[in-house]
Amino acid sequence: MRKAQKEQILNLLAMLQSAHGKILQAVDNGNFNLARQFLGDCQNAAIQIGTMIEETEGEGFVTVGLLEEYCELAYQIHEGLQMGTQNPRKLQKILQKYLVHIENSVKQDIPMRTEAVFLPYKASMWDSLESVWMAADEDPDCDAYVVPIPYYDRNQDWSFGEMHDESAMYPDYVPVVNYNDYDFEARRPDMVFIHNPYDNDNFVTSVPPFFYSENLKKYTDCLVYIPYFIEREFEPADERAVKHMEGFVLSSGVFHANYVVVQSEAMRQIYVDILTRHFGEETRNFWEGRILGLGSPKMDKVSMAKEGDFEISEEWKRHIYLNDACGGGMGEDGVCKGGNRGKVIFYNTSIAAFLQHGDKMLAKMRRVFQMFEQEQKHVTLLWRPHPLLPATIKSMRPTLYSEYEKIVEEYRAGGWGIYDDSADLNRAIAISDAYYGDPSSVVELFKKVGKPVMLQNVDA
């Protein structure tokens, strides 16, 4: 039984206790009709409680039997009052005794279940929630639901543009529930997990307003925000880095969440310091209770991911094994053996770099592609732009969008490198030997798995 249902039943039992006092008062005042009316109400409430318990715990549950005995006793008192043959005070004490037994049974015999709902919006960011969902899904006392929510591109006038629903892009082992089929008002989940903190403040995309953190907190007692990104670790004294973090920390999801789970204790302190500086020193204890440095699920996912865990297309294999799809056959771990495997370089182009450099970024990308095309016999480039980069350029740098699209089209048509716009970042990391590109949270993931990192210079 859910916590909210159990609390509702205990509230109904408290009302029954209050009704017992009203029954005795009515009898003392000689108003037997009113007393019998209260007894009827008590029977109806007990039947309602019994029905609620049967729906979750099944017929014949011990508490239901106690409620049936209570109803029978209430009926006897009702009839005794009508005939004037029973001592109402004595029977009221018996009613109260039964009520205590019922309340104890509700508290002790009915197991309490937790309902947790996970609301990813970008399938490629699901790894920021996955390990938490796995733990909840494995808990026998928890019902965990993954409810992917849609999102809209922002038009230049801030209105909603095209809607995207990525529900079909999640791994097969993740059962998803359509967002239209989960009734938040009726179910009132015990916990809601989000990775989108921006509500109406995102310049590029927006989830439907119903799923803004400000609204979601109306339907749960525990809203949890887990960032979709990983930041490099730095000291709180690094003012430049702290200033950079303010845009991520001072967001609606952080303000409205009951808990915010960040990647480390050091990052937790930075969150607390930024929030305290913004809201006042008197709020420090408040934020210290809400910000938790428990680690990032993204780190959990990338640490466990191995190349053999993923299905890799023949097209990708031909690039990785330098036009030999799998010359040496497959090993027991599912990885190609033999063949002429070259190095795979993960190339990342970020939103921040593009917004900062614009035309220079486009020119840099062309130079990078030209260089790697010339080296394709020895090394494979895997280009994975930030999932929201096209939408960002279209919304915030519209004059550059057609040129960016042209570069993408030429790269894909060239057939000499891999273009990865899938939802699975961890597959790309697992098959790559090194990172090259812009500063990004992906850098921290490569560092976590011990792979080399080289940052690109747009001017070089």
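Pairs meeting the criteria (first residue in segment 132-145 and in the same structural domain as Val261 (by TED's automatic domain parsing), second residue assigned to a helix (DSSP H, G or I) and not small (Gly, Ala, Ser), beta carbons under 7 Å, at least 6 apart or on different chains) are Val132/Pro297; Ala144/Trp133; Ala144/Asp137. Screening Ser440 on (1) at pLDDT 95 or above; (2) under 25 Å from Met304 (Cα atoms); (3) in contact with a strand residue (DSSP E or B) (Cβ under 6 Å, 6 or more places away or on another chain) shows it passes everything except condition (1).
Looking only at residues in segment 110-125 that are buried (at least 17 other Cβ atoms within 10 Å of the Cβ) and over 14 Å from the mean Cα position of the chain (by Cα), which one is nearest to Glu54 (Cα to Cα)? The residue in question is Ile110.
Residues in segment 277-286 include none that are in a helix (DSSP H, G or I), in the same structural domain as Leu129 (by TED's automatic domain parsing), buried (at least 17 other Cβ atoms within 10 Å of the Cβ) and not basic (Lys, Arg). Which of the residues belonging to segment 138-157 are surrounded by 18 or more Cβ atoms within 10 Å (Cβ to Cβ) and within 16 Å of the chain's Cα centre (by Cα)? Ala144, Tyr145, Val146, Val147, Pro148, Ile149, Tyr151 - these are the residues of segment 138-157 that are surrounded by 18 or more Cβ atoms within 10 Å (Cβ to Cβ) and within 16 Å of the chain's Cα centre (by Cα).
When the residues of segment 408-443 are filtered to those that are touching a Ser or Thr at 6+ places or on another chain (Cβ under 8 Å), of a type in the set (A, V, I, L, M, F, W, C) and not in a helix (DSSP H, G or I), the one that is farthest from Lys317 (Cα to Cα) is Ala423. Report every pair of residues separated by at least 6 positions or lying on different chains whose Cβ atoms are under 8 Å apart, first residue within segment 349-378 and of a type in the set (D, E, K, R), second outside any helix (DSSP H, G or I) and surrounded by 13 or more Cβ atoms within 10 Å (Cβ to Cβ). So the pair list comes out as Lys360/Val458; Lys364/Gln456; Lys364/Val458; Glu373/Trp416; Glu373/Gly417; Lys377/Leu322; Lys377/Gly342. Mind listing whichever residues of segment 245-276 are of a type in the set (S, T, N, Q), buried (at least 20 other Cβ atoms within 10 Å of the Cβ) and free of Cβ contacts under 8 Å to residues at least 24 places away in the same chain? Matches in segment 245-276: none.
The requirement of being exposed (fewer than 13 other Cβ atoms within 10 Å of the Cβ), assigned to a helix (DSSP H, G or I) and of a type in the set (Asp, Glu) is fulfilled somewhere in segment 26-46, by at least one residue.
Filtering segment 149-160 to residues that are more than 14 Å from Met125 (Cα to Cα) and either free of Cβ contacts under 8 Å to residues at least 60 places away in the same chain or not assigned by TED's automatic domain parsing to the domain that holds Ser213 (or both) leaves Tyr152, Asp157, Trp158, Ser159, Phe160.
Checked against (1) closer than 23 Å to Phe446 by Cβ; (2) at pLDDT 95 or above, Lys301 meets all criteria but (2).
Checking Glu57, Glu69 one by one, the residue that is farther than 11 Å from Leu12 by Cβ, surrounded by 15 or more Cβ atoms within 10 Å (Cβ to Cβ), at pLDDT below 95 and acidic (Asp, Glu) is Glu57 and no other. Residues considered: Ile270, Ile312. Of these, the only one that is aliphatic (A, V, I, L, M) and not assigned by TED's automatic domain parsing to the domain that holds Ser124 is Ile312.
Considering segment 295-325, and only residues there that are under 20 Å from Pro171 (Cα atoms), touching a residue at least 24 places away in the same chain (Cβ under 8 Å) and not in a helix (DSSP H, G or I), the residue that is nearest to the chain's Cα centre (by Cα) turns out to be Ser296. Summed over segment 126-135, the residues that are surrounded by fewer than 22 Cβ atoms within 10 Å (Cβ to Cβ) and either of a type in the set (A, V, I, L, M, F, W, C) or part of a loop (DSSP other than H, G, I, E, B) (or both) give a count of 4. Residues in segment 175-223 that are part of a loop (DSSP other than H, G, I, E, B), of a type in the set (Phe, Trp, Tyr) and within 30 Å of Ser395 (Cα to Cα): Tyr179, Tyr198, Phe203, Tyr212.
Taking Lys447, is it under 25 Å from Ser131 (Cα atoms), not aromatic (Phe, Trp, Tyr) and not in a helix (DSSP H, G or I)?
No; evaluated as a whole, the condition is false for this residue.
Residues in segment 352-399 that are outside any helix (DSSP H, G or I), farther than 22 Å from Arg427 by Cβ and in contact with a strand residue (DSSP E or B) (Cβ under 8 Å, 6 or more places away or on another chain): His378 alone.
Condition check ((1) surrounded by fewer than 20 Cβ atoms within 10 Å (Cβ to Cβ); (2) farther than 22 Å from Met299 by Cα) across all residues:
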residue: Ser159; (1), (2): yes, yes
residue: Tyr179; (1), (2): yes, yes
residue: Ile194; (1), (2): no, no
residue: Pro197; (1), (2): no, no
residue: Glu214; (1), (2): yes, yes
residue: Lys217; (1), (2): yes, yes
residue: Thr220; (1), (2): no, yes
residue: Val224; (1), (2): no, no
residue: Arg232; (1), (2): yes, no
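The values are calculated or read from the model by the stated rules, or taken from the named source; none is laboratory data. Model, not experiment: these values are computed from the prediction. Glycine gets a Cβ as well: all are built from the backbone with ideal geometry, and neighbour counts include every protein chain shown.
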